[in-house]
Each structure stands twice: as structure tokens, then as C-alpha cells.
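The next block holds one structure in the form of C-alpha cells; read it before the comments.
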Amino acid sequence: MTTIFRLDASIRAVGSQSRAVASTIEDSIRAQLAELDVVRRDVGLSPLPATAWAFAVQAGPKALSERTVEEVEAAALATKLADEMLAADAFIF
């Protein structure tokens, strides 16, 4: 199975040209492949927490037992996002 990571960033749910182009690309790929998994991230309509990256960076050098709740959550989010991208065979940005 092919996995595509799709990132949408427009704050416009309706009328977004970038979403329309991405959907056209996705539909074209879907028409050519029997099995396709699309992982979607929408930072325009569901933004990441503003403090996530700062807390993830702070967590990096610390032992797990020394991390704050915010650092643990941010590091888990960063890992999840990285894993989504690493698992993809192709990307639509």
C-alpha cells in the first residue's frame, strides 16, 4: 500500500485554491493506485499548539523523569508528526 502525507495550511475551508490543487493531485493518484492511504494534517484549520516546539526542544536533553507534563506531551506530538512523515511514500504540500 502506498501512503501519502498531505499537509493543508489554508485557513479557508471553502474556496481555498491550494486545497483544490491538493485534492486534484490526491484524486489523480487515487485513480491510479488500487490501495492508497492518505495521512492528513491540517495546520490551517487545526493548528499545532504554539508552545509545542519550544517544549519539545526543552524536553530533548532531559531524562523522561525530569520532564514536565507539557514537555512530555510536546515530545510525543513531535514524535507522532515525524513518524507520519517518515512512513509516507510521497507528500502533498
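The values are calculated or read from the model by the stated rules, or taken from the named source; none is laboratory data. Everything numeric here is computed off the predicted structure, so don't read it as measured data. Note: ideal-geometry Cβ built from the backbone for every residue, glycine included; neighbour counts use all protein chains shown. Remember, those area values only see protein heavy atoms, side chains included, never the ligands or the DNA or RNA. Shrake-Rupley method; radii C 1.70, N 1.55, O 1.52, S 1.80 Å.
Taking the range 25-60 as the range and being farther than 19 Å from Ala88 by Cα and either more than 19 Å from the chain's Cα centre (by Cα) or of a type in the set (Ser, Thr, Tyr) (or both) as the test, the residues that pass are Ser46, Thr51, Gln58, Ala59, Gly60.
Residues in the range 7-65 that are in a loop (DSSP other than H, G, I, E, B), open to solvent by less than 80 Å² (accessible area, probe 1.4 Å) and within 17 Å of Thr79 (Cα to Cα): Val43, Leu48, Pro49, Thr51, Gly60, Lys62, Ala63. Only one of the numbered conditions (1) in contact (Cβ under 8 Å) with a residue 60 or more places away in the chain; (2) open to solvent by less than 50 Å² (accessible area, probe 1.4 Å) is not met by Met85, and that is (2).
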